[in-house]
Amino acid sequence: MSGTLYDSDYNRWINQTVQQLKKGQFDDVDWNNLIEELEDMGKSNRRALMSLLTRLLEHLLKLSYWESEKQRSGNHWASEIVNFRAQIQQRLEDSPSLRPELEKIYPKAYNVATKSVSKLFSLSIDANISLKQALDDDWFPPF
């Protein structure tokens, strides 16, 4: 069998790496793959934050624009908004250094959400939802 433990059994590689670090067996650690994994974790956290923010904005835009479904689905969308806000807040509590990332990714998330929701209506959406409003637990578009 060729390759490394990292390539053949990822979970076992993780467990072995943790044990090596705990025991101070630093010469045995697969540093290249460990560094790559740590870098990927940071990227994954940013991607997850982008996804949650985009979904949050989509639901806020639905509440703002989707009149024909608002009566039937408005409470569900509001519930989802609460859920997305809580997930974003949890990520920020776990990793406060992600907070500045929100301002960086907000324009992209807003653009994606606007395009996505506008496809539901076949119309141009001209909404102004600020990052502060989006994250404010007490703010909802009228519904």
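Residues are listed down the side, and each one gets a yes or a no for (1) farther than 30 Å from Phe121 by Cα; (2) surrounded by 13 or more Cβ atoms within 10 Å (Cβ to Cβ); (3) of a type outside the set (Phe, Trp, Tyr):
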| site | (1), (2), (3) |
| --- | --- |
| Gln25 | yes, no, yes |
| Val29 | yes, yes, yes |
| Asn32 | yes, no, yes |
| Leu53 | no, yes, yes |
| Leu60 | no, yes, yes |
| Glu67 | no, no, yes |
| Arg72 | no, no, yes |
| Ser79 | no, no, yes |
**Study point:** Condition met for Leu34 (under 20 Å from Lys132 (Cα atoms) and either at pLDDT below 90 or part of a helix (DSSP H, G or I) (or both))
**Key:** no
Revision key, fill the gap. Considering residues that are in a loop (DSSP other than H, G, I, E, B) and surrounded by 11 or more Cβ atoms within 10 Å (Cβ to Cβ), the number found within the range 6-23 is 1
Review point. Which condition does Leu38 not pass, out of (1) touching a helix residue (DSSP H, G or I) at 6+ places or on another chain (Cβ under 9 Å); (2) surrounded by fewer than 12 Cβ atoms within 10 Å (Cβ to Cβ); (3) of a type in the set (A, V, I, L, M), if it passes all the others?
Key: (1)
Exercise for review: Could you please find all residues in the range 69-127 being under 21 Å from the mean Cα position of the chain (by Cα) and among the acidic types (Asp, Glu)?
Suggested key: Glu80, Glu93, Asp94, Glu101, Glu103
**Study point:** Subset tally (residues that are in contact with a Phe, Trp or Tyr (Cβ under 9 Å, 6 or more places away or on another chain) and β-branched (Val, Ile, Thr)) for the range 52-92
**Key:** 2
Study note, to complete from the structure: Cβ pairs under 6 Å, 6+ apart or interchain, first in the range 119-139 and on the phi < 0 side of the Ramachandran plot and of a type in the set (Gly, Ala, Ser), second surrounded by 14 or more Cβ atoms within 10 Å (Cβ to Cβ) and in a loop (DSSP other than H, G, I, E, B), ordered by first then second residue, are none
Point to revise | Every pair of residues 6+ apart whose Cβ atoms lie under 6 Å, when the first sits in the range 70-85 and is touching a residue at least 60 places away in the same chain (Cβ under 8 Å) and more than 12 Å from Asp137 (Cα to Cα) while the second is outside any helix (DSSP H, G or I) and of a type outside the set (Gly, Ala, Ser) | key: Lys70/Phe143; Gly74/Phe143
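The values are calculated or read from the model by the stated rules, or taken from the named source; none is laboratory data. Owing to the predicted nature of the structure, the values given are computational and were not obtained by experimental measurement. Positions of Cβ are generated from backbone atoms using ideal geometry, with glycine treated the same way; all protein chains shown enter the neighbour counts.
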